[in-house]
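Just below is one structure, and these are the notes that go with it.
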Amino acid sequence: MSVAPFPRLVKPASQPLGLYFRAGQNDHAPLSQLLAQGQRSYYGVVVEAKRAERHRELLKEAERGRLECILDPCTQASATIGGFSEKLGALPWGVGRPHAVDDFQGASRIELMSRLADFAVEHGFSQVLAPTHYVRGVEDPWFSADISALSDLRGALDRAGGRTIEINYSLCLPYATFRDEALRAQLVHELEGAPVQSLWLRVDGCGADSTPTAVKNYVAACGDFNELGLPIVADQVGGLPGLSLLAFSAVGGLSTGLAAGERFNASHWHRPRLGKAYMKHAGVYIPALDLLLDRKDAEALFERNPRIKGLFGCRDHDCCLRGITDMLQTPARHFAIQRIKQVAELSQYVESLRPQVFLDRFVRPTTDYALQMSKATGLNESLQKRLAAHRQRLDALRITLGKIIESGDLAVHAQIPKTRMMREATYSNHRTR
């Protein structure tokens, strides 16, 4: 995938597309470094409540940079047998065990929302992901509880001094529900008028490795959700599938981890936890291939084949001054800079031109590079199989997106979220009137 300078055919868009980074266990280091170096070309950071203390300095840097500091209360995981942990149970709104629907009813719900609001204000968050849960439709008991909690949270934030803290509704659901047109219509109907500022879609099984069919279904589904008139963010959808959603105006923003967490998978939530949770380390991102590799695989790949090293090693001095050395040693930083540049490239084009530009500038070159890579020598059998499957998926994505463009079925027009500075300027103007 190329992000090199390219003659602009149009006037740059007035507002950049949204990009948020979910800060993993050790991501405070690369993100804080980027902020200290003046890299603020993204919307903000999402911090899980259980990591708020660990990421306190990152939150301060983001605050100074006027980026969104978004609290994830982790209620989706904490209500499941496999997602719950002692750390989640010890949060102010935790109850020492997996949450039950009754915990989000009546006086108990009011108390939990008050504790959540106090936490958000105390830690300086500018936005909160609503304390929602994994739902399979409007009949799910959790869904009605989540909707009812919104007004209580809004009131609690206002009373705690967080009147300017916005609430983003996190709709967490299985892919089967998401692609069901009738179930979507019910969800949209129930969400109308909710006291939230944006909708974050967290779809189980969707992400950087989504099939072309899944991408097409995601675009179609967003056509329904955009009827709410809210900015939509695709949460934990990375790679070309995520960028496709931006390019085709299905969503106005993306949220992703740093070279990890580019796909939302809740399968482990639904089975008992065995031992400690495994912390996935950042992979090495190869932008030209839209591929994440384990560091050992990436090192072996570059060492065995000088041609591959020349083709796919990072030569962006804004990113990796020492080339492949920095690419391998600071993979999270490398990933963040490349994703920022990819979204910035898309943002340069008006909505009507983005789909074709994306196909020509992002997808086609990536498929060409994947073809070259498939012919490389010195690859182990496991990597050869993975690259073959990756190439097939890329080819199919190119064909699928091309057919969508040819059909003219591009009626989705997602709103782009406001940046924090835009929000605060609007709020300030309202106060002075």
Exception for Gln348 within (1) within 19 Å of Val284 (Cα to Cα); (2) under 21 Å from the mean Cα position of the chain (by Cα) falls at (1)
Please verify whether Asp209 is in the same structural domain as Gly44 (by TED's automatic domain parsing), more than 17 Å from the chain's Cα centre (by Cα) and among the acidic types (Asp, Glu), treating the condition exactly as stated. no
What about Glu63, is it under 17 Å from Tyr20 (Cα atoms), of a type in the set (D, E, K, R), within 25 Å of the chain's Cα centre (by Cα) and not in a strand (DSSP E or B)? yes
Those residues of segment 299-340 which are surrounded by 15 or more Cβ atoms within 10 Å (Cβ to Cβ), of a type in the set (A, V, I, L, M) and more than 24 Å from the chain's Cα centre (by Cα), in sequence order: Ala300, Leu301, Ile308, Leu311, Ile324
Quick one: would you say Asp360 is in a helix (DSSP H, G or I), at pLDDT 90 or above, more than 25 Å from the chain's Cα centre (by Cα) and within 20 Å of Gln342 (Cα to Cα)? no
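Okay, residues lined up against (1) on the phi > 0 side of the Ramachandran plot; (2) touching a residue at least 60 places away in the same chain (Cβ under 8 Å); (3) out of contact with any helix residue (DSSP H, G or I) (no Cβ under 8 Å at 6 or more places or on another chain):
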site: Ala23; (1), (2), (3): no, yes, no
site: Gln33; (1), (2), (3): no, yes, no
site: Tyr42; (1), (2), (3): no, yes, no
site: Arg56; (1), (2), (3): no, yes, yes
site: Gly65; (1), (2), (3): no, no, no
site: Thr75; (1), (2), (3): no, no, yes
site: Phe84; (1), (2), (3): no, yes, no
Qualifying position, being of a type outside the set (Ser, Thr, Tyr), outside any helix (DSSP H, G or I), farther than 18 Å from Ala52 by Cβ and in contact with a Gly (Cβ under 6 Å, 6 or more places away or on another chain), among Gly82, Gly96: Gly96
Can you spot a residue in segment 99-107 that is over 18 Å from Tyr169 (Cβ atoms), of a type in the set (Asp, Glu) and either out of contact with any Ser or Thr (no Cβ under 8 Å at 6 or more places or on another chain) or at pLDDT 95 or above (or both)? yes
The one condition in (1) assigned to a helix (DSSP H, G or I); (2) in contact (Cβ under 8 Å) with a residue 60 or more places away in the chain that Gln392 fails to fulfil: (2)
Take the residues in segment 265-298 that are of a type in the set (Gly, Ala, Ser) and surrounded by fewer than 19 Cβ atoms within 10 Å (Cβ to Cβ), then tell me which one is farthest from Phe362 (Cα to Cα). Gly275
Considering every residue within segment 395-414, establish whether at least one is at pLDDT below 95 and in contact with a strand residue (DSSP E or B) (Cβ under 7 Å, 6 or more places away or on another chain). yes
Could you figure out which of (1) on the phi < 0 side of the Ramachandran plot; (2) free of Cβ contacts under 8 Å to residues at least 60 places away in the same chain isn't true of Thr400? (2)
Look through segment 259-285, keep the residues that are closer than 18 Å to Trp200 by Cα and in a loop (DSSP other than H, G, I, E, B), and return whichever of them is modelled with the lowest pLDDT. Gly261
Only one of Leu116, Leu71 is assigned by TED's automatic domain parsing to the domain that holds Val46 and outside any helix (DSSP H, G or I). Can you tell me which? Leu71
Does Ser126 satisfy the condition of being over 27 Å from Leu243 (Cα atoms), of a type in the set (S, T, N, Q), modelled with pLDDT of 95 or more and over 17 Å from the mean Cα position of the chain (by Cα)? no
From the residues in segment 344-386 that are more than 30 Å from Tyr42 (Cα to Cα) and touching a residue at least 24 places away in the same chain (Cβ under 8 Å), which one is surrounded by the fewest Cβ atoms within 10 Å (Cβ to Cβ)? Thr377
For Gln15, the lone unmet condition from (1) within 20 Å of Glu345 (Cα to Cα); (2) modelled with pLDDT of 95 or more; (3) not charged (D, E, K, R) is (2)
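The values are calculated or read from the model by the stated rules, or taken from the named source; none is laboratory data. All of these numbers come straight from a predicted model, not from anything done at the bench. Using ideal geometry, Cβ is built from the backbone for each residue, glycine included, and neighbour counts are taken over all protein chains shown.
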